[in-house]
């Protein structure tokens, strides 16, 4: 692909990526949302976070890694526990990062 | 290094935009770097590599796109794939829309341009805690986006020379942020059910041919189930 075609591809990708990002927000900015949809959307954040966390922790190059040598599994348990006990944000993240670095230095 | 997010003082004591964006930036820099390296290897110019990070700003779609371009796929199929992979943003945009309704249209349009998995996750939690400052919201988005662009350009410039960032554990920054945000989202039995189902379904779908839909389909089925089962709806708010 020459750079001209790549540029057009990038512009096309930008358009098809932006539309799903902006259309729903603009649509519901100007009209009321049905109660059933509001109820559904209220539990979308935990559903999305569960999906993102599970995939980022348990998938390694697309394959499931449920074994005990998965550093992210232990690190996310530590991060979650700290987040729950301390209500902190950056502290639990940093503790998890240090845990992973330490794990990799040891094993 | 902790920022108390007690419910009563949440709005007054909201951490700075930079400290909230930092886990996202730490995650974006190495992934963006990897994207930049791969983009140049696939034959993209430095300008097109940077432009994609600026205009598309979607990690997995960009990594898939440069892989497809490198293997000679036609533009139409690269664009169609980006659409499918990024369709999950429909859900994010709709879920945040109640909090944006009072904003001017141009600001909504600008905010949504920088909607990613990570910024959605962060803002969904912030907005729920009544942390609605538009200035801080847009600052977080701009900082995260800048991290992504800088990482990509650095990777493109560094080209073949790829230092191993793994020993630093930086690739754990985004999973860590998801974990912290998820803990804050476990507000009712319905929320817990949605999280558990969303995670399980996404993992299952990720192992099928429909893996591009793992997050979208997993979250939709999980949220619908959690919102409309009699067991949870009686107790949830």
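When you go through B:36, B:72, B:50 one by one, which is the residue that is assigned by TED's automatic domain parsing to the domain that holds residue B:148 and on the phi > 0 side of the Ramachandran plot?
Exactly one residue qualifies, and that residue is B:72.
Return yes or no: is residue A:100 crowded, with 22+ Cβ neighbours inside 10 Å, more than 19 Å from residue B:195 (Cβ to Cβ) and within 7 Å of chain B (Cβ to nearest Cβ)? Steps first, please.
Details: crowded, with 22+ Cβ neighbours inside 10 Å: yes; more than 19 Å from residue B:195 (Cβ to Cβ): yes; within 7 Å of chain B (Cβ to nearest Cβ): yes.
For residue A:100, the condition - crowded, with 22+ Cβ neighbours inside 10 Å, more than 19 Å from residue B:195 (Cβ to Cβ) and within 7 Å of chain B (Cβ to nearest Cβ) - is met.
Please report, ordered by residue number, the helices (runs of 4 or more DSSP H) entirely within segment A:3-83 with at least 1 residues that are farther than 25 Å from residue B:191 by Cβ and more than 7 Å from chain B (Cβ to nearest Cβ).
A:3-29
The values are calculated or read from the model by the stated rules, or taken from the named source; none is laboratory data. In this text, all values refer to a predicted model and were calculated from it rather than measured experimentally. Every residue, glycine among them, receives a Cβ derived from its backbone with ideal geometry; neighbour counts consider all protein chains shown.
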